[in-house]
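Asker: If you scroll down you'll find the structure; I have some questions about it.
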Amino acid sequence: MTRAAESLGITTPTASRRLARAREWFGDELFIYSAGRMVPTRRMIELEPVCRRMIENLDELFTSPQPFDPRKAEGVIRIVAVDNAFLTLLSPLIVELEATVPGVKFEIYDRYSNMLESMRDAKIDLAIYSTEGKAVPAGFIEMPLFTSDHVLLVRRNHPLKAIAAHNGGLTFEDTARFKHIGIALAMGSTENRFIIGQQCNLADKISWPEPAFALNLIF
């Protein structure tokens with residue numbers, strides 16, 4: 001009893017009182033005096049492995065967590081990204097991570113139904129997307145990555161090239177004089193987003209957007 005008390009950092013009388021309380025709890029002597037020493041009863045021998053497991057669990061509860069090691073990480077990361085973000089940002093990153101974090105897989109979507117709601121439901125982890133200058137709802141974190149202007153693509157030696165060189169740029173009126181193709185993309189909202197091919201026919205109604213295109217990281 002004395003040696004047990006010393007190992008616990010308590011006095012022998014305190015150890016005796018705690019043993020008496022434990023005997024009441026379990027309805028057993030637990031330890032009996034025999035041949036000059038305290039020996040466990042059969043009940044105490046049965047309880048010993050249970051007590052050890054409980055002590056180990058308590059120790060684990062207060063043990064500092066191991067630092068995160070990405071090389072051992074496993075799982076699937078689901079990302080919604082517009083096509084240019086995938087090519088310029090994600091593609092090189094995934095190639096590098098494939099060698100350093102082999103347990104992590106990626107699923108990339110260029111469109112996802114109810115994107116923000118799906119992120120709330122943990123179906124999507126993050127998005128690299130245009131929010132069209134609108135703030136994301138509360139509960140999301142948004143980080144602007146970069147802005148990009150519209151680009152007008154023409155054939156070699158197209159008259160617009162000479163007009164741009166002469167005037168130092170182009171106006172909607174300049175582009176509206178020629179046939180053009182416009183593409184409408186459904187981005188952060190439920191409506192189609194105007195791009196240069198459509199805007200040139202509405203030059204008297206709208207102004208050039210500023211910025212024309214913003215890419216944001218949402219998570």
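Asker: What ³J(HN,Hα) values, in whole Hz, does the Karplus curve 6.51 cos²θ - 1.76 cosθ + 1.60 give for the stretch 29-43 when θ = phi - 60°, with x put for Gly and Pro?
Answerer: Each residue's phi maps through the Karplus curve to give 5, 6, 10, 10, 7, 8, 6, x, 8, 8, 10, x, 7, 4, 4 Hz.
Asker: With a sphere of radius 12 Å drawn around the Cβ of E107, what net charge do the other residues whose Cβ falls strictly inside it have (Lys, Arg +1; Asp, Glu -1)?
Answerer: Net of charged neighbours comes to +1.
Asker: How big is the Kirkwood radius of the stretch 42-108, worked out from every pair of different alpha carbons and given in Å to one decimal?
Answerer: Kirkwood radius, the stretch 42-108: 15.9 Å.
Asker: Taking amide hydrogens as modeled 1.01 Å from N in the peptide plane, which residues meet the under 5 Å criterion relative to L145, leaving out close sequence neighbours?
Answerer: It is L215, N216, L217, by chain and number.
Asker: Could you give the length gained on full extension between V76 and M143, defined as 0.36 nm per residue of separation minus the Cα-Cα distance, in nm?
Answerer: Contour length minus Cα-Cα distance gives 21.9 nm.
Asker: Got a sec? Which residues in the stretch 27-53 would a label at R3 touch, if it sits 7 Å along Cα→Cβ and we count backbone N under 18 Å?
Answerer: 31-41, 45
Any read-out appearing in this document is the output of simple, stated calculations on the displayed coordinates, not a laboratory observation. As the structure is a computational prediction, the values presented were derived from the model and not from experiment. Note that we place each Cβ from the backbone using ideal geometry, even for glycine, and neighbour counts take in every protein chain shown.
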